[in-house]
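Structure first, then comments.
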Amino acid sequence: MIEALRVWASTHISAASALLQFSDIQPMQYYDLTCQLLGKAEVDGVSFLLKVWDGTRTKFPSWRVCIQDLAFEGDLSHILRLQNLVIDIVVYDNHVQVAKSLKIGSFLRIYSLHAKLQPVNSESTTSLVRLEFHLHGGTSYGRGIRVLPESNPEVDQLKKALKSVDLTAIQPSDDTYQSENEDNCLTPSSSSSDLVSLYEVESCQQLCATVLTDHHYLETIPLCAILKQRAPQQYRIRAKLRSYKPRQLFQSVKLLCPKCHSLQEVPNDENVDKILQDASTKAPDSKLQHTLLYDSEVWATEGQGGRQVAVHFVKNDGILPLSSECLILIEGGRLCEISKLSSTFHSVIPVRSGPEDLEVLDLAAPFLVRGKVCHYGCKQCSNLKPIQNLSTVTNRRLWIPSSVAEVLGIVPLQYVFVMTFTFDDGTGVLEVYLKDSEKFFQIPASDILTDDDLQRNLERIMNAICPPGTKIDAYPWLECLIKSYNVVNGTEHRICYQIFDTKVAEDII
């Protein structure tokens, strides 16, 4: 029934892509092609070789399968006369049986044929790449092979095109085979620990370790092409993660200002405690205690030189809320004390007594501590306002950090992952930056430094997309969106690249 439908469709339905030729093909895409079969051979149990032509030549030199030890069917002398007009196509899995049944000289329509670039692994031709053609297993996107009947009008057009080819005008080039012996010995590049081999038995169900969250209309482009283009641009790539930095993953967490775009290291506990210790030398001002905004309590520590600690409990409509909903302001507290209080109360703000009101401490310290997360502000962009402005926060049960920062004149810094990824797709190598808060890994960067489980999960994700101790051919493919941008530093100009609208696949997480 299927064959009968195919025969009917071949005379009644014309595909829009039927006239696409090999000369029109760009790498890293899928195409429908019409061609004539010149030869065939079984490569192994899961793949089969078809030698075809349509009278045109590809823009890149094409890859040749070694047929020296294969039972080849077809007129090899005729194939050699056609030289670089002959294209090798390897088909896989369920298409092998169809390929075996094809007759030499028949006209074919091949659907969803994959064109890929393969670097030549040879000392004498290290700069060359060859164009490979693969028909992967499965039937997605109509993938398959169909024999066109002689009555098909496209067959008549193809015959005329093949007859018009001037074989005497075809000149052999340095990057193509020139003899029967050379043709028989060219093979796909072998895999090695430092080369991405694009010659893989790929199934149509093969999934990437990352997925796109937008811009699905963009077509995949090889890295070698990106390296030749100007910025700014947006690209869709499919590559493997050769390496990444920093290797110590906790070092990848930085603080980013959304306004001035400056990056800084997350302050360590020792430096923060030193700032709090210096501030604790000044005793709390009793005139600034017990206001309409808060109630106050003052304690004297033992054995620490009589250090005084004042805690101000912020009220909600004149009433002290439950501890789980209560924001407290602390003067003279050390980091260990603030950490204990933040586990009991909703949020903690370290403050000091100013001339007329309580003030936020130096922004080198956190302006708000919520649970285990410290929230910092940008020194350059912030313009601090009095603590009494907290009375204008609308929802005092949630004490959202961004709302607190806004009323206090603080531009809050964002926790982000900042990493350098080195991508390799077999056509080129490209360094790309990752600057992301939580979308890519689907892990909040703000929590990674305080949660051992999240740190282990991040390490597991990186080991999955860049497996240690294995060859790069065993690495999973990553599909990513990247954007290029210009960076000027004095007289130096360079193009940088950054990942966007991409996340790690759910099965990796």
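Looking across ILE237, ILE275, ILE328, one residue alone is under 18 Å from ILE338 (Cβ atoms), in a strand (DSSP E or B) and under 44 Å from the mean Cα position of the chain (by Cα). It is ILE328. Only a single item in (1) hydroxyl-bearing (Ser, Thr, Tyr); (2) in a loop (DSSP other than H, G, I, E, B); (3) at pLDDT 55 or above is not met by SER190, and it is number (3). Within the range 480-492, the set of residues being farther than 16 Å from LYS228 by Cβ, part of a strand (DSSP E or B) and open to solvent by 60 Å² or more (accessible area, probe 1.4 Å) comprises LYS483, TYR485, VAL488, ASN489, GLU492. Residue count for the range 333-352 under the criterion of being within 15 Å of GLN277 (Cα to Cα) and either open to solvent by 10 Å² or more (accessible area, probe 1.4 Å) or free of Cβ contacts under 8 Å to residues at least 24 places away in the same chain (or both): the result is 6. Residues that are surrounded by 13 or more Cβ atoms within 10 Å (Cβ to Cβ) and of a type in the set (D, E, K, R) within the range 217-258 comprise ARG236, ARG238, LYS240, ARG242, LYS245, LYS254, listed in sequence order. Within the range 290-315, the set of residues being touching a residue at least 12 places away in the same chain (Cβ under 8 Å) and among the small types (Gly, Ala, Ser) comprises SER296, ALA310. The condition (being at positive phi and in contact (Cβ under 8 Å) with a residue 24 or more places away in the chain) is satisfied by just one residue among GLY318, GLY377: GLY318. Only a single criterion out of (1) more than 30 Å from ARG352 (Cα to Cα); (2) open to solvent by less than 10 Å² (accessible area, probe 1.4 Å); (3) in contact with a Pro (Cβ under 8 Å, 6 or more places away or on another chain) is not satisfied by ALA464, namely (2).
Does the range 3-18 include one or more residues that are at pLDDT 85 or above, on the phi < 0 side of the Ramachandran plot and part of a loop (DSSP other than H, G, I, E, B)? Checked the range 3-18: no residue is at pLDDT 85 or above, on the phi < 0 side of the Ramachandran plot and part of a loop (DSSP other than H, G, I, E, B). Each residue in the range 78-99 was checked for being touching a residue at least 60 places away in the same chain (Cβ under 8 Å) and either surrounded by fewer than 16 Cβ atoms within 10 Å (Cβ to Cβ) or not hydrophobic (A, V, I, L, M, F, W, C) (or both), and 6 pass.
Counting only strands (runs of 3 or more DSSP E) that sit wholly inside the range 373-442, those with at least 3 residues that are at pLDDT 95 or above and within 26 Å of ASP269 (Cβ to Cβ) are 414-424.
Residue by residue, here is whether (1) under 30 Å from LEU449 (Cα atoms); (2) of a type in the set (Gly, Ala, Ser) holds:
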site	(1), (2)
ASP273	yes, no
ALA279	yes, yes
ALA283	no, yes
VAL314	yes, no
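For beta carbons closer than 6 Å, sequence separation of 6+ or different chains, a first residue in the range 491-504 that is more than 10 Å from TYR433 (Cβ to Cβ) and in contact (Cβ under 8 Å) with a residue 12 or more places away in the chain and a second that is among the polar types (S, T, N, Q) and in a strand (DSSP E or B), the qualifying pairs are ILE495/SER484; THR502/THR210; VAL504/THR210.
For the range 472-506, the set of residues classified as charged (D, E, K, R) and closer than 24 Å to GLN248 by Cβ consists of LYS503 only.
Taking the criterion of being polar (S, T, N, Q) and open to solvent by 40 Å² or more (accessible area, probe 1.4 Å), the residues of the range 259-297 that qualify are SER262, GLN264, ASN268, ASN271, GLN277, THR281, SER286.
The set of residues in the range 433-470 being under 18 Å from the mean Cα position of the chain (by Cα), of a type in the set (A, V, I, L, M) and more than 17 Å from ARG242 (Cα to Cα) consists of ILE443, ALA445, LEU458. Evaluated against (1) in contact with an Asp or Glu (Cβ under 9 Å, 6 or more places away or on another chain); (2) open to solvent by less than 70 Å² (accessible area, probe 1.4 Å); (3) closer than 19 Å to LYS245 by Cα, ASP473 falls short on exactly one condition, (3). Checked against (1) within 18 Å of LEU249 (Cα to Cα); (2) over 13 Å from the mean Cα position of the chain (by Cα); (3) modelled with pLDDT of 90 or more, ILE509 passes all but condition (3).
Scanning the range 27-56 for residues that are among the small types (Gly, Ala, Ser) and in a loop (DSSP other than H, G, I, E, B) turns up GLY45, GLY55.
Quick grid of which residues meet (1) modelled with pLDDT under 95; (2) touching a Leu at 6+ places or on another chain (Cβ under 8 Å); (3) not in a loop (DSSP other than H, G, I, E, B):
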| site | (1), (2), (3) |
| --- | --- |
| THR58 | yes, yes, no |
| ARG64 | yes, yes, no |
| GLN68 | yes, no, no |
| ALA71 | yes, no, no |
| LEU80 | yes, no, yes |
| VAL90 | yes, yes, yes |
| VAL96 | yes, no, yes |
| SER112 | yes, yes, yes |
| LEU117 | yes, yes, yes |
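The values are calculated or read from the model by the stated rules, or taken from the named source; none is laboratory data. These numbers come from a predicted model, not from an experiment. Cβ sites come from the backbone with ideal geometry, for glycine too, and all protein chains shown count toward neighbours. Just so you know, the surface numbers come from the protein's heavy atoms only, side chains and all, with ligands and any DNA or RNA stripped out. Shrake-Rupley method; radii C 1.70, N 1.55, O 1.52, S 1.80 Å.
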